[in-house]
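First up is the structure itself, then whatever we jot down about it.
Just so it is clear, none of the values below were taken in a lab; they were calculated from the coordinates. Everything numeric in this text was worked out from a predicted model, so none of it was measured. Positions of Cβ are generated from backbone atoms using ideal geometry, with glycine treated the same way; all protein chains shown enter the neighbour counts.
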Amino acid sequence: MIADCGELHGEEHAQAANKAPDTSGDPYEDYPEDQKQGGQEFEGKEIVKIATELKDMGNKAFKEQKNELGLSKYQKGLRYLHEYPEPLDSDAPELGNQLNALKISLHSNSALLQLKLNQYADAEKSASNALAVPDIKDADKGKALYRRALARKQLKNESEAVTDLEEAVKYVPNDAGIKNELATTKARQAERLKKEKAAYSKFFS
């Protein structure tokens with residue numbers, strides 16, 4: 001007996017709801033609205049679970065030098081977090097801290113891979129997003145400031161890069177890499193200003 005259209009659509013719907021994992025083992029739909037069927041809503045603990053797994057997949061891809069794949073997992077995790085931006089009164093008290101920690105990590109990790117992929121404007125934005133998350137810890141703030149500075153330097157904005165690096169040193173004063181980058185960026189900025197001054201003086205002489 002040939003199945004009618006209603007039965008076929010039902011089977012297709014069921015198959016769509018069970019996405020096969022990709023090469024990274026990711027079983028989740030690319031967009032959260034496709035993950036839930038029939039208008040169901042996510043619970044906070046469910047979002048934390050999904051975003052954590054996606055972050056771990058991104059970290060694994062990064063270690064394997066699969067930067068584009070890693071970035072896609074971090075960005076996907078952020079899309080899921082967007083579905084549950086704030087904990088409800090009925091949620092466990094620690095849920096808000098878990099959500100914020102994931103946002104900071106996913107934004108900051110995105111900035112790192114965007115730098116590696118020469119996506120400097122996106123890296124600057126991702127680092128700024130990490131810095132905007134409430135209750136960000138000093139170590140995470142220093143890291144995000146450093147990554148934003150690297151993006152700004154590549155975008156020929158040395159003055160703001162120096163400002164970020166000087167701020168980063170306050171939060172992670174023992175980080176030699178940040179101190180070295182600050183010295184290098186200041187030297188580069190001074191050299192550029194020297195050349196500009198020489199050019200202007202020659203023009204008006």
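The candidate values were (i) 1.61; (ii) 1.07; (iii) 1.36; the one computed from these coordinates for Cα Rg over 2.2 N^0.38 Å carries the label (iii). A DSSP coil position with no more than 13 other Cβ atoms inside 10 Å describes the following trypsin sites (Lys or Arg not before Pro) in the range 137-203: LYS137, LYS156. When only the Cβ of Lys, Arg, Asp and Glu is charged (+1, +1, -1, -1), the dipole of the range 96-155 relative to its Cα centre reaches about 180 debye.
Here the translational diffusion coefficient of the range 156-205 follows from Stokes-Einstein with Rh set to the Kirkwood radius across Cα pairs; for 25 °C and 0.890 mPa s it amounts to 205 µm²/s. When the chain is treated as a GNM with alpha-carbon contacts under 10 Å, the residue of GLN189, GLN37, GLN98 showing the greatest mean-square fluctuation is GLN37.
Applying the Karplus relation 6.51 cos²θ - 1.76 cosθ + 1.60 with θ = phi - 60° to the range 58-69 yields 3J(HN,Hα) values of x, 4, 5, 5, 4, 4, 8, 6, 9, 5, 5, 5 Hz, where x marks Gly and Pro. Charge tally for ASP91 (other residues, Cβ to Cβ under 12 Å; Lys, Arg +1; Asp, Glu -1): -4. From the C-alpha coordinates alone, can you work out the Kirkwood hydrodynamic radius of the range 41-136, in Å? For the range 41-136, inverting the mean 1/r across all distinct Cα pairs yields 13.4 Å. For the residue pairs LYS103/LYS143; LYS66/LYS116; LYS125/LYS153; LYS153/LYS194; LYS141/LYS179; LYS63/LYS170, the alpha carbons lie more than 20 Å apart in LYS63/LYS170.
Mind giving me the FRET efficiency for ALA121 and GLU160? R0 is 22 Å, r the Cβ-Cβ distance, nearest 0.05 is fine. So the FRET efficiency works out to roughly 0.95. Dipole magnitude for the chain: computed about the Cα centre from +1 point charges on Lys and Arg Cβ and -1 point charges on Asp and Glu Cβ, it is near 2100 debye. Computed from point charges on the beta carbon alone (+1 for Lys and Arg, -1 for Asp and Glu), the dipole magnitude for the range 41-136 about its Cα centre is near 600 Debye.
Any idea which of ASN157, ALA199, ASN180 is furthest toward the positive side of the dipole for the range 156-205, if Lys and Arg beta-carbons carry +1 and Asp and Glu beta-carbons -1? The Cα lying farthest towards the positive end belongs to ALA199.
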